[in-house]
Amino acid sequence: MQANELSRERLRDLAALQPPEGKVLSIFVNLDPQQFATAPARGTEVRSLLDRAGRLVRDDESLSRDERIALKEDLARIERELGSLDAKGAHGLAIFAATRAGLFEVLKLAEPVTHDPVVAERPYVEPLTSLDGGDRWCVLLANRRSARLLCGSRSHLAEVALVEDDVHGQHDQGGWSQSRYQRGIEKEVQDHLRRVAGVAFATLRRRMPVGLLIGAPHELAGPLEEALHPYLRERLAGRLDVDVENTSVDEVQRLAAERIAAIQRDREDAALERLAEGFAGGRAVGGLEGVLRAVTEQRVQTLLVEAGFTAPGGKCPRCGLLAAESGGPCPADGTTLQACADVVAVAIGRVLTQSAEVLWLQDRPEPGPHRHIAAVLRF
Ligand SMILES: [Zn+2]
């Protein structure tokens, strides 16, 4: 079975998806190698997860007969496909199934997720929204004759492409005059860089990274960046100083992680600046209550959340209004607000479907005065 990697775009598409009829079953499999190092331990975990999902489908009294039958089919398919899944390298899986509506998606996660199965109107993506931001990063390393492309998240990169071109060594003259020989070499190097850029675009076009880092000898970095497709060039995020052929994936990963952390810090600084300007101009809001109101009104442009912040709250089953309290009447239509265990996660999922930006702030005192959460508003 095919498993896809988690990306911000995929998350947004899933969050926005609502089958016209039937329910979606969402299942999260924890494959943490520390807890489930052996196949039997993983097998037991999967068995107990499927049992819990089975009970949920059987006992949920709000389900119609057809919905229950469809969900049982989904469960049987999940069980079948988990048996043949290659989850190598994944620390967790998220599975979203509504087979009758054409949805069956397995996402590989770089970090484990612990969450009970959920049956709902749409894919329950909330537990995934805090994972590494879901951002895809790439590193392109190239010298005069070879290139490596690594992709993944900030905490896990894997080599996805390798290009080796037969460019003559500079000292292997083979009978040419020095200047003609040199021109020939430069042409070959240019061709090589063009080919590298072509392979990079072909590999990444279907799922563009949020940032691309380049590692190349000084004289090649500029020409390589020039050769990139414009879509990739606009995602350039800096250069890494590495030996292209003799650096391990782990070492590239370590250098890239440092750089990505610095870039994200800059993004956070910029967002905090916009937040301060927003407060000055009446286009920002702080604290859970105000933020939930803005999310309900679809006014959020950038949401800033302290990493790890969760809070219980309420949701109107009729109009979708989010509130910091549950049990009372919806201010819009009077329907009783249902309790949600973590209204922050629901708000984040909602904001992602509205194409707004979400930033998780780690070890930053700035959101403190806003009680853990704040938003820059569109209007
Ligand atoms: Zn309502």
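Data overview
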| quantity | calculated |
| --- | --- |
| Test: residue in the range 79-93 that is buried (at least 21 other Cβ atoms within 10 Å of the Cβ) and at pLDDT 95 or above | no |
| Residue match in the range 218-229 (condition: in contact with a Gly (Cβ under 8 Å, 6 or more places away or on another chain) and without any contact (Cβ under 8 Å) to a residue 12 or more places away in the chain) | no |
| Criterion violated by Glu234 - all others in (1) closer than 20 Å to Glu9 by Cβ; (2) at pLDDT 95 or above satisfied | (2) |
| Boolean, Phe279 is away from the ligand (no atom under 16 Å from the Cβ), without any contact (Cβ under 8 Å) to a residue 24 or more places away in the chain and among the aromatic types (Phe, Trp, Tyr) | yes |
| Filtered residues of the range 15-28 (kept if modelled with pLDDT under 90, under 21 Å from Val57 (Cα atoms) and of a type in the set (A, V, I, L, M)) | Leu17 |
| In the range 311-343, the residues that are assigned to a loop (DSSP other than H, G, I, E, B), in contact (Cβ under 8 Å) with a residue 24 or more places away in the chain and more than 9 Å from the ligand (Cβ to nearest atom) | Ala311, Pro312, Ala324, Ala341, Asp342 |
| Val295 vs. criteria within 16 Å of the ligand (Cβ to nearest atom), outside any strand (DSSP E or B) and among the hydrophobic types (A, V, I, L, M, F, W, C) | yes |
| Candidates Gln301, Gln253, filtered to the one that is of a type outside the set (Ser, Thr, Tyr) and assigned by TED's automatic domain parsing to the domain that holds Val351 | Gln301 |
| Single unsatisfied condition, Gly349 versus (1) surrounded by 20 or more Cβ atoms within 10 Å (Cβ to Cβ); (2) assigned to a loop (DSSP other than H, G, I, E, B); (3) not aliphatic (A, V, I, L, M) | (2) |
| Positions within the range 29-50 being among the basic types (Lys, Arg) and either farther than 15 Å from Leu85 by Cα or modelled with pLDDT of 85 or more (or both), in sequence order | Arg47 |
| Failed criterion for Leu212 (all others in (1) modelled with pLDDT of 90 or more; (2) hydrophobic (A, V, I, L, M, F, W, C); (3) more than 16 Å from the chain's Cα centre (by Cα) hold) | (3) |
| Subset of the range 289-302 that is touching a residue at least 60 places away in the same chain (Cβ under 8 Å), buried (at least 21 other Cβ atoms within 10 Å of the Cβ) and out of contact with any Asp or Glu (no Cβ under 7 Å at 6 or more places or on another chain) - its residue that is farthest from Gln338 (Cα to Cα) | Val300 |
| Selection from the range 9-48 of residues that are assigned to a loop (DSSP other than H, G, I, E, B) and polar (S, T, N, Q) | Gln18, Gln34, Gln35, Thr38 |
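The values are calculated or read from the model by the stated rules, or taken from the named source; none is laboratory data. Because the structure is a prediction, the values reported are computed rather than measured. Ideal geometry is used to build each Cβ from the backbone, glycine not excepted, and the neighbour counts take in all protein chains shown.
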